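Have a look at the structure below, then the notes.
The values are calculated or read from the model by the stated rules, or taken from the named source; none is laboratory data. Note that this is a predicted model, so its numbers are computed, not measured. Positions of Cβ are generated from backbone atoms using ideal geometry, with glycine treated the same way; all protein chains shown enter the neighbour counts.
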Amino acid sequence: MTTESRLNIPLGEAMFTQRAIRRFRPDPIPDDVLRDIMEAAIRAPNGGNNQPWHFLVIKDPDIRLELGELYREAWWAKRKDEGINGPEDIAPGKSSQRSAMRLSSEFASAPVVVMVCALAKTQGAMGSVIPAVQNLLLAARSHGVGGTITTLHAQVDERVRRLFGVPDTAQIVYCLPLGYPRGRFGSVQRKPLEEVCSVDRWGDAIS
Ligand SMILES: Cc1cc2nc3c(=O)[nH]c(=O)nc-3n(C[C@H](O)[C@H](O)[C@H](O)COP(=O)(O)O)c2cc1C
């Protein structure tokens with residue numbers, strides 16, 4: 001069987017149920033599954049087919065613990081930039097932010113983290129990694145593996161670079177914790193299409 005044939009849940013189901021997963025079971029992700037996910041990531045469209053990316057797949061539990069500490073610091077640094085200084089500043093109704101906050105202390109519980117880097121010298125590199133990340137998440141969804149896109153913060157960038165030997169020519173763009181979900185993949189909730197899409201002229205409704 002090929003990677004292509006193993007990624008075989010219906011495309012619609014994958015796209016409509018690929019929600020941010022932030023709580024993970026401890027079960028490891030088998031290497032062949034990880035390979036399928038990464039093979040899908042690198043099939044993504046990208047500017048000029050320059051493939052200006054590098055993916056660091058982090059499995060080592062001790063390194064994940066170190067990264068987890070840095071992730072927590074980065075998450076709170078981002079919140080401080082927004083004027084949020086502690087859990088008490090996050091409204092109870094902000095469920096996605098509360099779930100992101102919990103992830104910030106449980107980051108190392110994800111059995112795998114993929115750090116997505118853009119090769120900074122290539123023009124448009126940042127834009128090119130985005131389709132690769134979506135391919136990665138959809139392939140993961142097909143294998144029953146969940147995850148979410150996260151970002152770090154300038155405050156920890158140097159230490160993360162040192163931890164993984166990231167060269168100066170690369171920029172760390174996203175950090176994706178991955179694992180089998182605790183709980184279910186629910187359906188994705190979004191604004192109605194009419195609110196965000198027009199046909200021919202801004203404001204003219206789609207039928
Ligand atoms: C560019 C980008 C950055 C994100 N950063 C974070 C993050 O730092 N932490 C986090 O837990 N989720 C992060 N997310 C996930 C979003 O919060 C999530 O996709 C959004 O709330 C919609 O949730 P849903 O996909 O489960 O419907 C990010 C998503 C994107 C696209």
Return yes when residue 92 is in a helix (DSSP H, G or I) and over 27 Å from residue 65 (Cβ atoms) and no when it is not.
no
Give the residue that is surrounded by the fewest Cβ atoms within 10 Å (Cβ to Cβ), with candidates limited to residues of the stretch 36-69 that are part of a helix (DSSP H, G or I) and either in contact with a Lys or Arg (Cβ under 6 Å, 6 or more places away or on another chain) or of a type in the set (Val, Ile, Thr) (or both).
63
Using beta carbons and a limit of 9 Å, which pairs, at least six apart or on different chains, have the first residue in the stretch 151-168 and basic (Lys, Arg) and the second one exposed (fewer than 10 other Cβ atoms within 10 Å of the Cβ)?
161/168
Can you find even one residue in the stretch 171-183 that is within 16 Å of the ligand (Cβ to nearest atom), in contact with a helix residue (DSSP H, G or I) (Cβ under 6 Å, 6 or more places away or on another chain), modelled with pLDDT under 95 and within 21 Å of residue 18 (Cβ to Cβ)?
no
Give me a count of the residues in the stretch 184-202 that are more than 15 Å from the ligand (Cβ to nearest atom), among the aliphatic types (A, V, I, L, M) and either part of a loop (DSSP other than H, G, I, E, B) or touching a strand residue (DSSP E or B) at 6+ places or on another chain (Cβ under 9 Å) (or both).
1
Give all pairs with beta carbons closer than 8 Å in which a residue from the stretch 179-198 that is in contact (Cβ under 8 Å) with a residue 24 or more places away in the chain and among the hydrophobic types (A, V, I, L, M, F, W, C) meets a residue that is surrounded by 10 or more Cβ atoms within 10 Å (Cβ to Cβ) and outside any helix (DSSP H, G or I); count only pairs at least 6 apart in sequence or on separate chains.
185/18; 185/19; 185/21; 185/146; 188/18; 188/19
So residue 84 passes all but one of these: (1) free of Cβ contacts under 8 Å to residues at least 24 places away in the same chain; (2) away from the ligand (no atom under 16 Å from the Cβ). Which condition number does it fail?
(2)
For the condition within 12 Å of residue 112 (Cα to Cα) and charged (D, E, K, R), what is the one hit in 81, 60, 89?
60
